[in-house]
Amino acid sequence: MLTKKEADGEHPASHYLVVEDPDTVTTWHLRVRDVAGALDHRLMGAAWAALHGGYRGNVYEGPNKTEAIAKLRKLYEQEDMPMPMTKNRDILMLEGGVIKAMGQGKIGGYLVRFTHADQPDLTGEYFDSNTDFDMVNGDKASIYYNHGLDPVVKKRRLGVGAMQIQDTGVWVEAQLSLRDEYEKAIYAMAEAGALGWSSGTLPNLVEYEPAGKAMYIKSWPLGKDASLTPTPAAGLVLTAAHPLKAWAEATAQQQVKTDIEFVDIVEQTSDDGEAIAPEDTRPVSAPANEAAKRLELEILLMELEVGT
């Protein structure tokens, strides 16, 4: 039997999550068993880290990544172990679709997109219309900027959205309050196509179950955190569920900064929970084309930086 020599001894192909070619040991990756063939929880953790952002700086981006993640999830279930991202109550977040600016502060887009077992996301996970989102059509979702991670806007609610389950995903439309220049800058980022939807939820409420080579997300409650998020620089799979701490690190450089004094506004709401903007709020005008949008955004952010 062909084996691969490692520091602790000889290992067959069955000890690895990825085996590209059974006859070529250099194509065997992500070992999860010890020399006796028993599952090694330390190696499982290292494999999980390599598949979800990097282990000691090493990120696995080789072939069969989706299958490897699905296999690893099944091993965690087999060992009756919590998956690393659900060991504590850190918020989980998952990227949705691009935010569409619809004029005068109104935005829309898919908070969650549906796929299927034969076409999961890059980490082998998928939602469908039978996922339990703990909502009905018309339910409200609170809108935040980047899950409350921005050092200036913090956990200030930007508006309230209405969710609807459609054939291709969970659609949300919201009216942003546009109460000051900072909120208008965020809307300008949406106009420029620089923001996407992201849903946050608690890990103890999330359920997975195997579906072929993929993992079906059986439960993902929505409503408490529908965020407008910047695209991370690198390191995270956009369609994967991530702990909020990891997302904060990946998007730290994309946070909008301002030197002007920020005064937290006491939010007013109507009887149905909708945010009410102050009377002097003026919506950001839509530029004529994409280039103009980006120019407008750059000018606005430079003004905020110098406090003008």
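Given the criteria touching an Asp or Glu at 6+ places or on another chain (Cβ under 8 Å), closer than 30 Å to Y182 by Cβ and charged (D, E, K, R), does R113 qualify?
No, not satisfied.
Against the numbered list (1) surrounded by fewer than 13 Cβ atoms within 10 Å (Cβ to Cβ); (2) touching a strand residue (DSSP E or B) at 6+ places or on another chain (Cβ under 8 Å), L2 comes up short only at (2).
Scanning the stretch 179-211 for residues that are in contact with a helix residue (DSSP H, G or I) (Cβ under 8 Å, 6 or more places away or on another chain) and either at positive phi or basic (K, R) (or both) returns K184, G193.
Here the stretch 96-127 is the region considered, the condition is being outside any strand (DSSP E or B) and at pLDDT 90 or above, and the residue that is farthest from A211 (Cα to Cα) is Q104.
Comparison of R179, R157 shows that the only residue that is within 18 Å of I99 (Cα to Cα), of a type in the set (K, R), in the same structural domain as H116 (by TED's automatic domain parsing) and in a loop (DSSP other than H, G, I, E, B) is R157. R33 - would you say it is among the basic types (K, R), in the same structural domain as R73 (by TED's automatic domain parsing) and either in contact with an Asp or Glu (Cβ under 9 Å, 6 or more places away or on another chain) or modelled with pLDDT of 95 or more (or both)? Yes; evaluated as a whole, the condition is true for this residue. One residue stands out among those in the stretch 26-46 that are among the hydrophobic types (A, V, I, L, M, F, W, C) and in a loop (DSSP other than H, G, I, E, B): the one that is surrounded by the fewest Cβ atoms within 10 Å (Cβ to Cβ), which is A36.
Take the conditions over 17 Å from Y110 (Cβ atoms) and out of contact with any Lys or Arg (no Cβ under 6 Å at 6 or more places or on another chain) and apply them to V160. Does it pass?
no
Return the residue satisfying two criteria in turn: it lies in the stretch 96-118 and is under 17 Å from the mean Cα position of the chain (by Cα) and of a type in the set (A, V, I, L, M, F, W, C), and of such residues it is surrounded by the fewest Cβ atoms within 10 Å (Cβ to Cβ). For the stretch 96-118, the residue satisfying everything is V98. Do we have V153 as crowded, with 21+ Cβ neighbours inside 10 Å and out of contact with any Ser or Thr (no Cβ under 7 Å at 6 or more places or on another chain) here? Spelling it out, V153 is indeed crowded, with 21+ Cβ neighbours inside 10 Å and out of contact with any Ser or Thr (no Cβ under 7 Å at 6 or more places or on another chain).
The values are calculated or read from the model by the stated rules, or taken from the named source; none is laboratory data. Because the structure is a prediction, the values reported are computed rather than measured. Every residue, glycine among them, receives a Cβ derived from its backbone with ideal geometry; neighbour counts consider all protein chains shown.
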